[in-house]
Amino acid sequence: MEHKISKLQHKLKGELDRTRYEHTLGVMYTAAALAMCYGTDIAQAMLAGLLHDCAKCISSEKKIKLCEKYCLEISEVEYKNPSLLHAKLGAFLAAKKYHIKDREILNAISSHTTGRPGMSLLEKIIYIADYMEPGREELPNMEEVRKLAFQDIDACLYRILKDSLSYLKSRDMTIDTMTEKTYEYYKNKLKKEESSWNRH
């Protein structure tokens, strides 16, 4: 597995710009730390972290062309904001170009920008690692997010979704409906858990 990871690193270094490549390594190592914390497969987390942005440096026009060519669905929001396509296109390329067959890794790449209701542990790890890796600019509440990530993964996920939506709304930026659905899902999940704790 180590050999596979270093081979992929070498390949990606030639495909991503320097900043994106450094971010990718940050996500890979943060994902590994979270996998250790939650007792899940470290190599799987590293591979998903390494490949999560493999389609990021493709131009907007080419992203749309590739999605159309390979019959990947493009929503209205994605046509307006093609950078959102890098997640689903990345999952496709991870399978086709980088020969990843693990469905969990592909799902984690596919959902890492918007999240989705009912995410697997690996999906949560990649979503969170992408947001908070050490090279990320200090977003509001980042310190709290980084602490929460190793204490309560769902609470951390909810916090990031909440902060991301506030940020997008404050800047009048396009919001993908999946992000809103994911936010509502985890808000309700945490509420239910809280009320069941209160009953005990």
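Details
- Among residues of region 157-179, those that are surrounded by 14 or more Cβ atoms within 10 Å (Cβ to Cβ) and not basic (Lys, Arg), counted: 12
- Breaking point among (1) exposed (fewer than 13 other Cβ atoms within 10 Å of the Cβ); (2) closer than 15 Å to residue 111 by Cβ; (3) among the hydroxyl-bearing types (Ser, Thr, Tyr), for residue 183: (1)
- Single residue of 63, 69 found to be modelled with pLDDT of 95 or more and loosely packed, with under 15 Cβ neighbours inside 10 Å: 69
- Odd one out for residue 141 among (1) on the phi < 0 side of the Ramachandran plot; (2) in contact with a Lys or Arg (Cβ under 8 Å, 6 or more places away or on another chain): (1)
- Looking across region 151-162, the residues that are under 13 Å from residue 186 (Cα atoms) and free of Cβ contacts under 8 Å to residues at least 40 places away in the same chain come down to 152, 154, 155, 156, 158, 159, 160, 162.
- Filtering region 1-50 to residues that are without any contact (Cβ under 8 Å) to a residue 12 or more places away in the chain and either of a type in the set (Ser, Thr, Tyr) or touching a Cys at 6+ places or on another chain (Cβ under 8 Å) (or both) leaves 6, 19, 21.
- Residues of region 165-183 that are outside any loop (DSSP other than H, G, I, E, B) and in contact (Cβ under 8 Å) with a residue 24 or more places away in the chain: 167, 177, 178, 179, 181, 182, 183.
- Here the condition is being part of a helix (DSSP H, G or I), on the phi < 0 side of the Ramachandran plot, buried (at least 22 other Cβ atoms within 10 Å of the Cβ) and not hydroxyl-bearing (Ser, Thr, Tyr); of 95, 108, it holds for 108 alone.
- Unmet requirement for residue 121, which otherwise passes all of (1) at pLDDT 95 or above; (2) touching a helix residue (DSSP H, G or I) at 6+ places or on another chain (Cβ under 7 Å); (3) surrounded by 15 or more Cβ atoms within 10 Å (Cβ to Cβ): (2)
- Selection from region 111-150 of residues that are among the basic types (Lys, Arg), in contact (Cβ under 8 Å) with a residue 12 or more places away in the chain and either part of a helix (DSSP H, G or I) or touching an Asp or Glu at 6+ places or on another chain (Cβ under 6 Å) (or both): 124, 146
- Restricting attention to region 22-32, the residues that are over 15 Å from the mean Cα position of the chain (by Cα) and surrounded by 15 or more Cβ atoms within 10 Å (Cβ to Cβ) add up to 0.
- When region 72-82 is limited to residues that are surrounded by fewer than 18 Cβ atoms within 10 Å (Cβ to Cβ) and without any contact (Cβ under 8 Å) to a residue 24 or more places away in the chain, the one that is farthest from residue 16 (Cα to Cα) turns out to be 76.
- Filter result for residue 137 (under 23 Å from residue 83 (Cβ atoms) and acidic (Asp, Glu)): yes
The values are calculated or read from the model by the stated rules, or taken from the named source; none is laboratory data. As the structure is a prediction and not an experimental result, all values here were calculated from the model. Note that we place each Cβ from the backbone using ideal geometry, even for glycine, and neighbour counts take in every protein chain shown.
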